[in-house]
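Peer 1: Structure incoming, see below.
The values are calculated or read from the model by the stated rules, or taken from the named source; none is laboratory data. Bear in mind that the values here come from a model prediction, so they are computed numbers and not experimental data. Glycine also receives a Cβ, built like all others from the backbone with ideal geometry; neighbour counts cover every protein chain displayed.
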Amino acid sequence: MIIVLTQCFPPRIGGIENLISNLVLQLSEKEKIIVFADQQHVFNDTIYDQSVKDKFHVRRISGLKFFRRRKKIRELEPILMSNEIKCVIGDTWKSFELSIDLINKQNIPTICLAHGNEIIYKDNKHFLRIKETLNKVSAIVCNSDYTKKLINNYDLNKPILKTIYPGACNYLEIKEVSVPGVDGEPILLTLARLEKRKGHKEIIYSISELKNDFPNIKYIIAGSGRELKNLKKLVNDLNLNNTVIFVDNVNDAQKKYLFKKTKLMIMPTLDETSNRSIEGFGISYLEAAFFRIPSIASNIGGTPEAVINNKTGIIIDDIKLLHSSIKQLLIDEQKITNLGMNAEKRAISSFLWEKIVKQYISLIYELHQSR
């Protein structure tokens, strides 16, 4: 049996939620899985939990954060003492902070995932909390070599440190569902939470200029977040209401529809480490790659590991180059085709979840054998 501790789990939407849910789904084909997840919305949580009940079990923990974290430990303790647990996986160090001593007391291997934002330096007290927790886990799995470098700043002495890239979902086989207002040529897409570091604002400014050369261009923003109001105001100020389309969060079937119409995936992430925000990897680049869509990304965080410059897309070293990079690629159909084919080939060969999960299984086996 494998236990998964997580604060980030569907039906919530996000990169960590995507990673954890797909990891659990893949592992559940080999092992019994119990997920201890925070309760966010009783009705939506129940619908999701019912949909996966034949694959794994979800235990939702409710209440205020202080009490919820401690309640999770009380419910976890009797299961840990069953002597049936091969490994406990935590979505971040936060899920282990209060539970790691109890888990180690039972000599159960632990794997902590590291994504980027949650380990950026805040202050000395925060730094020491992270270091103390991570030094007690058996292994840390980083989503990129960039994130591994952030972990190395903690000068840890115990855990095994590995990079295992997130898997990406291939939506080609599912039935698509249309999204209103998505028409035009070319269509550019950003599929991400609406946060400053994702670069939406800079893309919108570029679209304003690109309209001169591509009068039918459309830019689709799929996702939700705190920047929505600011982005809509910018679109209105630039008179781009018929060019920039906000479609909110989309499900897998809608993603397929968007990808089938998209020419370029654009997400030039920004360095927001001063605000404790960085892109540790970037799954959406790879999801697009399955549809032979190349990406334009920036040389920030772990994104250059998700997009290979001049092979599966374009990496820009300066956000000021965004407009010219988009324009040059849009007028070079052969290059777009070549980049898209390379992106698809790499996604299939290296990022399918059934391949990624084998690395986790191998690590779990290694830890279980060495305890």
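Peer 1: Any residue in region 158-165 that is outside the structural domain of Ser208 (by TED's automatic domain parsing), closer than 26 Å to Glu75 by Cα and surrounded by fewer than 16 Cβ atoms within 10 Å (Cβ to Cβ)?
Peer 2: For region 158-165, residues outside the structural domain of Ser208 (by TED's automatic domain parsing), closer than 26 Å to Glu75 by Cα and surrounded by fewer than 16 Cβ atoms within 10 Å (Cβ to Cβ): absent.
Peer 1: Could you please find all residues in region 283-305 being more than 14 Å from the chain's Cα centre (by Cα), under 19 Å from Gly167 (Cβ atoms) and β-branched (Val, Ile, Thr)?
Peer 2: Ile293
Peer 1: Which one is surrounded by the fewest Cβ atoms within 10 Å (Cβ to Cβ), of the residues in region 190-218 that are in contact (Cβ under 8 Å) with a residue 40 or more places away in the chain and in contact with a Leu (Cβ under 6 Å, 6 or more places away or on another chain)?
Peer 2: So, considering only residues that are in contact (Cβ under 8 Å) with a residue 40 or more places away in the chain and in contact with a Leu (Cβ under 6 Å, 6 or more places away or on another chain), the one surrounded by the fewest Cβ atoms within 10 Å (Cβ to Cβ) is Glu202.
Peer 1: Any idea which of (1) over 19 Å from the mean Cα position of the chain (by Cα); (2) assigned by TED's automatic domain parsing to the domain that holds Gly280; (3) crowded, with 18+ Cβ neighbours inside 10 Å is the one Lys229 doesn't satisfy?
Peer 2: Checking Lys229 against (1) over 19 Å from the mean Cα position of the chain (by Cα); (2) assigned by TED's automatic domain parsing to the domain that holds Gly280; (3) crowded, with 18+ Cβ neighbours inside 10 Å, the one that fails is (3).
Peer 1: So which residues in region 133-157 are assigned to a loop (DSSP other than H, G, I, E, B) and either buried (at least 23 other Cβ atoms within 10 Å of the Cβ) or touching a residue at least 40 places away in the same chain (Cβ under 8 Å) (or both)?
Peer 2: Result: Lys136, Val137, Ser138, Asn143, Ser144.
Peer 1: Here's another thing I want to ask about it. Is there any pair linking a residue in region 240-259 that is within 17 Å of Ile187 (Cα to Cα) to one that is polar (S, T, N, Q) and not in a helix (DSSP H, G or I), with Cβ under 7 Å and at least six apart or on different chains, and which?
Peer 2: Cβ pairs passing all conditions: Asp248/Ser224; Tyr257/Ser178.
One line per residue, one yes/no per condition, for (1) in contact with a strand residue (DSSP E or B) (Cβ under 9 Å, 6 or more places away or on another chain); (2) over 17 Å from Lys198 (Cβ atoms); (3) of a type in the set (Asp, Glu):
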| position | (1), (2), (3) |
| --- | --- |
| Ala297 | yes, no, no |
| Thr303 | yes, no, no |
| Gln334 | no, yes, no |
| Glu344 | no, yes, yes |
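Peer 1: Also: Please verify whether Leu76 is under 21 Å from Asn143 (Cα atoms) and either at pLDDT below 90 or among the aliphatic types (A, V, I, L, M) (or both), treating the condition exactly as stated.
Peer 2: Answer is no for this residue.
Peer 1: Something else: Test Ile164 against the stated conditions and say whether it is among the aliphatic types (A, V, I, L, M) and farther than 17 Å from Arg276 by Cα.
Peer 2: yes
Peer 1: Give region 13-33 a look and list any residue that's surrounded by fewer than 18 Cβ atoms within 10 Å (Cβ to Cβ) and either of a type in the set (A, V, I, L, M, F, W, C) or closer than 21 Å to Lys72 by Cα (or both), or say none.
Peer 2: Scanning region 13-33 gives Ile13, Leu25, Lys32.
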